[in-house]
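Working notes, beginning with the structure itself.
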Amino acid sequence: MRKALKDAAIIVAVGTVLTVSGLAIAATVAIDFGNVSIGYADGYRDTNNGWHSWGAADASKYRKAHGDQYHAWRHDDPKHQGDADHK
C-alpha cells in the first residue's frame, strides 16, 4: 500500500513538472527580426508599418544585430518628429 502511494506521488510530481514546463514553453514569443523595419527603445515598426512593443532583452538583441536600424529613443519622442524615418 505504501509503495502504491509513493508511486502515485511520484507520478503526480512528474506530471506537475511537465505541465508547468510545457506552459513556460508555450508562453515564449519570438520576434522575427527580418520583419522589423526600424527599431526604437520601446518597440518597432514592421515592414507593413505596424507597431509592436518589445521587451528590453529583444531591443538589446536587435540593437546589437542591427545597430544601423535602431534608435535609442521612444518612437513618439517629440525631439525626433521631423526625422525622415519617423512614422
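Just so it is clear, none of the values below were taken in a lab; they were calculated from the coordinates. Bear in mind the structure is a predicted one, so any value in this text is a computation, not a measurement. Quick reminder, even Gly has a Cβ in these numbers, built from the backbone with ideal geometry, and neighbours come from all protein chains shown.
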(message) How big is the dipole moment of the stretch 39-82 about its Cα centre under a simple scheme where the beta carbon of each Lys and Arg is +1, that of each Asp and Glu is -1, and everything else is neutral? Debye, nearest 20, please.
(response) 140 debye
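Net charge near D77: determine it from the other residues with C-beta under 12 Å of the C-beta of D77, scoring Lys and Arg +1 and Asp and Glu -1.
After counting each charged neighbour, the total is -1.
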